[in-house]
1. In cubic angstrom, how much convex hull volume per residue do the alpha carbon atoms of the range 173-305 span?
2. For the range 13-53, what is the Kirkwood hydrodynamic radius in Å, using each pair of distinct C-alpha atoms?
3. Could you list log10 I(q)/I(0) for the range 7-105 at q = 0.10, 0.11, 0.18, 0.21 Å⁻¹, which the Debye formula gives when each Cα is one point scatterer?
4. Would you work out the relative contact order for the range 103-186, in percent, from Cα pairs under 8 angstrom that are 6 or more residues apart?
5. Suppose all protein chains stay in the model; what accessible area per residue would a 1.4 Å probe give for the chain, in Å²?
6. Just need the relative contact order of the chain here, percent rounded to a whole number, with Cα pairs under 8 Å and 6+ apart.
7. In Å and whole numbers, how far do the C-alpha atoms of the range 177-232 stretch along each principal axis, longest first?
8. Can you give the log10 of the normalised intensity I(q)/I(0) at q = 0.28 Å⁻¹, computed with Debye over equal Cα scatterers of the range 152-200?
Amino acid sequence: PETDDSYKKPNIICIMNESLSDLQVLGNLTTNEDYMPFMHSLTKNTVKGNLYVPVIGAGTSNTEFEFLTGNTMAFLPQGSVAYQQYIHEETESLASYLKSLGYTTRAAHPYKASGWDRETVYPLLGFERADFIDSFPQTGRLRSYVSDETAFNFIKRAYEKKGSDPLFFFEVTMQNHSGYTDKFDNFTPDVALKDGGTDAINTYLSLMKQTDTALESLVRYFSEQEEKTIIVFFGDHQPTDSVVEPVLQANGKSGATLTDEEQKERYVVPFIIWANYDIAEEQDVEISANYLSGKVMQTAGLPLSPYQQYLEEFRQEIPVISAEETRYADESGSGEDTLLSYQKLQYYMLFQ
């Protein structure tokens with residue numbers, strides 16, 4: 001029967017975490033302590049792996065665009081900012097589709113509403129409400145930005161007031177934004193690279209640990225809630241070359257001389273899909289941001305939109321697609337026709 005709890009649509013909490021990455025993908029990383037012990041340990045009711053994103057060091061909204069719309073920056077001109085250039089009318093997205101399935105759709109970003117034109121773009125993507133810096137308490141800063149702990153507490157409050165409809169909540173954080181060399185009274189780096197650590201890398205790794213602790217608290221909170229809830233957590237990009245250089249050097253590399261293969265690793269961030277109920281567990285998944293919303297829908301046991309269905313079939317053939325190159329299209333070029341069909345469909349979705 002429909003009233004059975006097993007049919008209830010799960011709440012979906014998506015967090016795109018500013019500059020979150022696990023720099024182990026670049027080579028061996030020896031630190032005085034684990035900088036993300038909770039994320040590294042998560043396996044139960046968890047799908048996790050490497051997410052390939054379209055940017056390094058900046059351009060947050062392009063990763064956001066890929067995740068929410070299923071479109072890829074690979075087919076747009078280099079240097080494009082999709083939110084500012086291509087979202088001028090209602091555009092199909094994960095938010096608009098979940099809204100059509102009966103979800104309440106909310107977005108939040110503890111920074112300026114004008115950033116990447118989000119105050120204009122979010123309603124066009126189907127978000128019914130968007131909260132920005134003014135909605136967050138003035139306290140609860142880490143360095144000069146709203147802390148992840150504060151940002152995640154905002155999600156808990158929204159959940160507690162949500163009403164009977166399932167909630168889709170999308171939050172883009174600010175805590176870990178560059179730069180990493182200034183000193184602050186309210187933050188003391190405690191994670192350090194053992195070999196050639198700089199102020200920037202040590203600050204960065206220490207911020208990752210703060211995020212890890214905040215995520216653990218959020219997961220613990222939802223593990224105690226009765227309503228089915230899924231948390232989707234991923235980074236928008238790795239930090240800039242100057243920050244990661246000590247890691248590269250410790251592995252006999254340099255940002256200036258990376259091979260194409262090594263350069264690909266600069267576009268990798270972690271992603272986690274966790275549920276407070278039983279889901280099929282997966283480790284070491286390799287996926288690009290344009291496919292992630294479909295993976296979330298599958299994990300939630302929800303029907304995919306027609307576009308997501310198409311992308312899911314496409315993912316079987318080309319599991320990772322990036323703006324640098326349409327990676328993994330096989331050498332013989334048989335992937336070309338497939339890519340062209342996706343490119344045409346995306347053009348139609350964006351420009352109709």
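1. Details: hull volume 19.6 nm³, N = 133.
Convex hull of Cα atoms, per residue: 147 Å³.
2. Numbers: mean 1/r = 0.0811 Å⁻¹.
Averaging 1/r across every pair of different Cα atoms and inverting gives 12.3 Å.
3. With one equal scatterer per Cα and no solvent, log10 I(q)/I(0) is -0.41, -0.49, -1.08, -1.24.
4. Working: 102 pairs, mean separation 34.2, N = 84.
Value for the range 103-186: 41 percent.
5. Working: 15190 Å² over 352 residues.
The answer is 43 Å² per residue.
6. On the way: 618 pairs, mean separation 118.5, N = 352.
The value is 34 percent.
7. Each principal axis gives a Cα extent; for the range 177-232 these are 46, 25, 17 Å.
8. Here log10 of I(q) over I(0) equals -1.15.
The values are calculated or read from the model by the stated rules, or taken from the named source; none is laboratory data. All figures in this text were calculated on a predicted structure; none of them were measured in a lab. For the accessible areas, the whole protein counts, side chains as well, though only heavy atoms, and no ligand, DNA or RNA atoms are used. Shrake-Rupley method; radii C 1.70, N 1.55, O 1.52, S 1.80 Å.
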